[in-house]
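A quick write-up on the structure given underneath.
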Amino acid sequence: MQYLAPLIATALASFYVLALILDRAAGALFGVLVLLSLITIISQRRIDGKSFWQMARQYWPLSLAMLSPLIAVIANQLASGNFSGRSIDQASRLAFFSLIFWGLQLVPLKSLRHMQWAFILGAFLSGIKMYVLTDNGINQYGTDFIPINIFAEFALLLGVFSVFSIAWNAPREKLLILLKLLACGIVVYGAYISRERGSWLTIPVFGAIAYYLMAKKIQRKHKVLMVVVIVIALGAISQFGSIMRMRFENAQSDIKHYLQGTDINTSIGIRFQLWRGSWLLFKENPVFGVDAEGYPKALEELEARKIISPESARHPHSHNEVLFMLARFGLFGLAAILAVYFVPICYFVRRIRDNDKEVRSVAAMGLALCLGVLVLGLTDVVFLWWEAFPFYALSVALLLTYIKKRKEILHQDALSLEPKLSGNAEF
């Protein structure tokens, strides 16, 4: 079984490099990780003296949170009598969190630190991909295999992970620190030329987390480098910021036309209609919702009732994660999406003020992940796309595993110092 740890580490690193670049890579690599984790369970392997079930009980709030979307789907299907394997398949990807989390316990902390290279490479490739597909912002594309809005957000997260992991590096590792800053810069630029306002809204959130993290004793030279990158980015936006100005001017125009009733089928106007319609569907079906497969038909009925326009009725989702879950799965859906957001947030918030800079940095990555997906979910639906489920589940599992292993090492180091301190005191 000694081969399992390097296999898991390799599959995990490959995920962060390839999941956003190659079609079906996310699902395939996620499946490999699930399979390897199952092998550890079947072999009755114990990690740190604990079985899989003992670990699952210890982290039961997380296990239940990631299982809750599947519970919402099954509750709806039992109530309606309409069964859909597709809906179960999507939700089950988050439900595999416990397996992934268990498998990652085999990987030593030294190997987990190597994931910083995967973050960097994944960020660079993602930035290049956005540059190529948009022709440096000249064209706006919708999707290749993952929608540009979702792609831009996860690319940003790879850049954020890269920058926050500077805390893992010694001051002498200047080249590696520079690579991380460049990786972040390239995905921020890629997000800018993507023209996606939803992902832009998450950048201030990441900035606020970074500011808090910088205040927690990050070395001054690193602070200076981060400030330099921010200044350069702001200068670039002021010089080439026509895309951002145009998009926000379009948003103002859309809102004005919607309020005046002159054009309700603009990008934002359709969102307003779908938000209203989804809320109405929830009020009419508050407990179990209208079902994932019944959502398109429910929109058609809203169109027939003159509540939304024909253009709005053709959209596959509500452009709001919470309202989409409410409409499809009712109160079960609401509880599920809030658990997926906030239970991991609680774990990361507890560690954001830790005395150890590595633990703080990883907790900051976790907050960036959860809050980034939450904020993007205010104007879009993240957990509709196949790549989003494994990215979120894997990242939460990786970051919590890193924190757990780092705290264990710090505890062991503290215990090893106690006899020496006692001896010095006696002397």
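The values are calculated or read from the model by the stated rules, or taken from the named source; none is laboratory data. Model, not experiment: these values are computed from the prediction. Note: ideal-geometry Cβ built from the backbone for every residue, glycine included; neighbour counts use all protein chains shown. Accessible surface is based on the protein model in full, side chains and every heavy atom, while ligands, DNA and RNA are left aside. Shrake-Rupley method; radii C 1.70, N 1.55, O 1.52, S 1.80 Å.
Summary table
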quantity: Accessible-area composition of segment 1-69, carbon plus sulfur, in percent [1.4 Å probe]; calculated: 66 percent
quantity: Pairs from K110/K404; K110/K357; K180/K407; K129/K174; K50/K404; K174/K404 whose Cα-Cα separation, in the structure shown, is over 18 Å; calculated: K180/K407; K129/K174; K174/K404
quantity: Peptide ranges 248-256, 324-332, 60-68 listed from the most packed, as the mean C-beta count within 10 angstrom indicates; calculated: 324-332, 60-68, 248-256
quantity: Largest-first principal axis extents of the Cα set of the chain (Å); calculated: 86, 56, 38
quantity: Karplus-derived 3J(HN,Hα), 6.51/-1.76/1.60, for each residue of segment 389-399, Hz, glycine and proline x; calculated: 4, x, 4, 5, 5, 5, 5, 4, 5, 4, 5
quantity: Segment 273-427, Cα convex hull volume normalised per residue, Å³; calculated: 113 Å³
quantity: Sorted peptide list for 94-100, 280-286, criterion being average Cβ within 10 angstrom, highest first; calculated: 94-100, 280-286
quantity: Heavy-atom accessible area ranking, 1.4 Å probe, most first, across L259, L338; calculated: L259, L338
quantity: Principal axis dimensions, largest first and in whole angstrom, of segment 104-203 by Cα; calculated: 42, 30, 23
quantity: Within a Gaussian network of the chain (alpha carbon springs, distance under 10 Å), most fluctuating of Q273, Q260, Q105; calculated: Q260
quantity: Debye intensity ratio I(q)/I(0), log10, segment 12-76, q values 0.13, 0.19 Å⁻¹ (C-alpha model); calculated: -0.55, -0.98
quantity: Two-site label geometry, S84 and S253: point separation in nm, points 7 Å out along Cα→Cβ; calculated: 3.6 nm
quantity: FRET efficiency estimate (nearest 0.05) - Cβ-Cβ, M244 to F342, R0 25 angstrom; calculated: 0.25
quantity: Residue-averaged 222 nm ellipticity for the chain, from DSSP H runs of 4+ at -39500 (n - 2.57), nearest 500; calculated: -25500 deg cm²/dmol
quantity: Probe 1.4 Å, accessible area per residue of the chain, Å²; calculated: 46 Å²
quantity: Relative contact order of segment 276-344, defined on C-alpha pairs under 8 angstrom at six or more residues apart (%); calculated: 42 percent
quantity: Ordering of 197-204, 138-145 by burial proxy (mean other Cβ atoms within 10 Å per residue, highest first); calculated: 197-204, 138-145
quantity: For F288, distant residues with modelled amide H under 5 Å away; calculated: L331
quantity: The chain: most fluctuating residue of T134, T262, T379 per GNM, C-alpha cutoff 10 Å; calculated: T262
quantity: Residue among K174, K405, K357 with the largest mean-square fluctuation in a Gaussian network model of the chain, springs linking Cα atoms under 10 Å; calculated: K174
